[in-house]
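The values are calculated or read from the model by the stated rules, or taken from the named source; none is laboratory data. Quick caveat, the model's predicted, so the values are computed rather than measured. In this analysis, Cβ positions are derived from the backbone assuming ideal geometry, glycine residues included, and neighbour counts consider all displayed protein chains.
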Amino acid sequence: MKFVRNILITGGAGFIGSHVVRLFVNKYPDYHIINLDKLTYAGNLANLEDIEDSPNYTFVKADICDFDTVLNLFKEYAIDGVIHLAAESHVDRSIKDPFTFAQTNVMGTLSLLQAAKVCWDDHFEDKRFYHISTDEVYGSLNQEGTFFTEKTSYDPHSPYSASKASSDHFVRAFHDTYGLPTIVTNCSNNYGPYQFPEKLIPLFINNIRHQKPLPVYGKGLNVRDWLYVVDHARAIDLIFHKGKIAETYNIGGFNEWKNIDLIKIIVKTVDRLLGFAPGSSERLITYVTDRAGHDLRYAIDSNKLKNELGWEPSLQFEEGIEETVRWYLEHQEWMDRITSGEYENYYKGMYSNR
Ligand code: NAD
Ligand code: TYD
């Protein structure tokens with residue numbers, strides 16, 4: 001079959017990537033979606049079981065840092081669009097192992113950029129290199145009522161956000177230097193199905209289910225803006241098709257929560273759905289040593305995206321959390337497969353000194 005577009009999605013077996021792959025494969029049967037993923041601890045093909053046999057979907061296991069392989073892929077599949085999500089994504093891991101973050105997030109992005117530049121060979125019409133980044137590159141907002149805009153200066157604090165900031169700069173440099181048609185978006189914290197249970201929400205849902213401690217860093221007063229992952233995927237679809245080359249768009253949920261307040265909502269929801277006494281699992285909350293360099297507050301102003309492209313989150317937070325908790329409780333097998341392996345060993349090592 002001849003496809004009208006051949007799109008390389010990197011990191012498609014991860015949390016956000018799997019939602020983006022699913023959306024594109026289902027919505028655009030005339031696009032060929034090539035999912036390039038190394039399948040690190042965070043990559044899980046079970047996230048894509050429902051679409052893996054689709055005729056417009058191809059999975060390729062490879063490392064984005066492997067330039068020759070990436071370049072061959074560009075040629076073999078005549079790639080004309082890239083949606084780049086592959087990354088090391090967890091701040092706590094970056095504190096323990098910054099090298100892997102620099103390697104994948106910086107060198108891996110560079111390898112993709114260079115492959116696009118070489119393969120497209122200055123024929124950039126109808127080409128698009130879309131890089132997915134995070135609001136964490138902007139640093140921490142210490143004053144209430146302030147927001148990150150697209151003009152906020154970069155001020156990353158963790159090795160994770162430093163590596164993402166560096167990759168964002170390389171993407172923009174490839175536009176400014178070589179004219180590569182790039183777009184960057186910076187999004188707030190995502191939540192929803194298929195998130196690896198090292199991140200706050202799935203970790204806590206699973207711990208409540210098993211009545212294990214809920215490790216709250218510091219005093220639990222840090223603030224994050226939360227966006228339902230399917231709304232992020234919708235924004236990516238819109239921006240990939242309608243976003244302006246060389247632009248940056250912030251994506252957020254207009255939905256800030258202090259960690260401790262969010263945790264109490266999760267506790268209440270899980271208790272209710274599992275038939276535990278309401279709020280009884282609050283006793284599992286355990287305040288532990290704060291994360292090093294823990295950013296106090298992230299909050300996104302996504303008005304540019306709303307005003308220019310008409311995007312808004314579709315789901316209310318209450319609905320999103322209810323759906324998310326239900327999904328994890330109904331997919332215990334998915335969770336068990338993950339938590340029984342490498343991740344569990346890592347988790348034990350990580351919190352043994354807390
Ligand atoms: P994730 O950790 O769930 O998934 C990352 C995926 O990338 C995995 O499938 C993994 O196997 C793959 N990968 C890692 N290293 C690779 C390599 N060297 N080569 C090929 N594949 C590799 O991450 P996520 O939460 O889905 O995040 C996806 C992207 O979105 C990242 O770039 C992240 O920085 C960004 N982002 C995430 C959030 C969030 O809240 N999760 C918010 C904003 C931006
Ligand atoms: P996380 O899900 O790791 O996302 P990020 O660090 O990218 O924001 O963490 C969300 C917030 O929850 C962050 O402020 C750290 C905090 N947190 C805890 O208090 N305990 C935990 O066990 C984890 C994983 C996170």
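Against the conditions (1) closer than 24 Å to PHE147 by Cα; (2) within 12 Å of ligand 2 (Cβ to nearest atom); (3) over 17 Å from the mean Cα position of the chain (by Cα), PHE254 satisfies every one except (2).
Go through segment 274-309 and report how many residues are over 27 Å from the mean Cα position of the chain (by Cα), of a type in the set (A, V, I, L, M) and surrounded by fewer than 16 Cβ atoms within 10 Å (Cβ to Cβ). The total comes to 2. Could you please let me know if TYR154 is assigned to a loop (DSSP other than H, G, I, E, B), modelled with pLDDT of 95 or more, near ligand 1 (Cβ under 9 Å from one of its atoms) and surrounded by fewer than 24 Cβ atoms within 10 Å (Cβ to Cβ)? Answer is no for this residue. Among the numbered conditions (1) more than 11 Å from ligand 2 (Cβ to nearest atom); (2) surrounded by fewer than 19 Cβ atoms within 10 Å (Cβ to Cβ); (3) among the hydroxyl-bearing types (Ser, Thr, Tyr), the only one that TYR249 does not meet is (2). Residues in segment 169-217 that are crowded, with 23+ Cβ neighbours inside 10 Å and without any contact (Cβ under 8 Å) to a residue 60 or more places away in the chain: there are none. The set of residues in segment 287-298 being out of contact with any Gly (no Cβ under 7 Å at 6 or more places or on another chain), part of a loop (DSSP other than H, G, I, E, B) and within 16 Å of ligand 1 (Cβ to nearest atom) consists of ARG291, TYR298. Here THR177 meets each of (1) away from ligand 2 (no atom under 16 Å from the Cβ); (2) closer than 29 Å to LYS306 by Cα with one exception, condition (2). In segment 182-193, the condition of being at pLDDT 95 or above, more than 9 Å from ligand 2 (Cβ to nearest atom), under 18 Å from ARG326 (Cβ atoms) and out of contact with any strand residue (DSSP E or B) (no Cβ under 7 Å at 6 or more places or on another chain) is met by at least one residue.
Among residues of segment 120-137 being in contact (Cβ under 8 Å) with a residue 12 or more places away in the chain and more than 12 Å from ligand 1 (Cβ to nearest atom), the one that is surrounded by the most Cβ atoms within 10 Å (Cβ to Cβ) is PHE129. Scan segment 89-100 and tell me whether some residue there is charged (D, E, K, R), surrounded by 24 or more Cβ atoms within 10 Å (Cβ to Cβ) and either part of a helix (DSSP H, G or I) or within 19 Å of the chain's Cα centre (by Cα) (or both). Looking through segment 89-100, none of the residues is charged (D, E, K, R), surrounded by 24 or more Cβ atoms within 10 Å (Cβ to Cβ) and either part of a helix (DSSP H, G or I) or within 19 Å of the chain's Cα centre (by Cα) (or both). Consider ALA46 carefully, then state whether it is within 16 Å of ligand 2 (Cβ to nearest atom) and either exposed (fewer than 15 other Cβ atoms within 10 Å of the Cβ) or in contact (Cβ under 8 Å) with a residue 12 or more places away in the chain (or both). For ALA46, the condition - within 16 Å of ligand 2 (Cβ to nearest atom) and either exposed (fewer than 15 other Cβ atoms within 10 Å of the Cβ) or in contact (Cβ under 8 Å) with a residue 12 or more places away in the chain (or both) - is not met. Is it the case that LYS27 is more than 15 Å from the chain's Cα centre (by Cα) and surrounded by fewer than 18 Cβ atoms within 10 Å (Cβ to Cβ)? So LYS27 fits the description; yes. Of note, ASN207 satisfies the criterion of being more than 20 Å from LEU315 (Cα to Cα) and among the polar types (S, T, N, Q).
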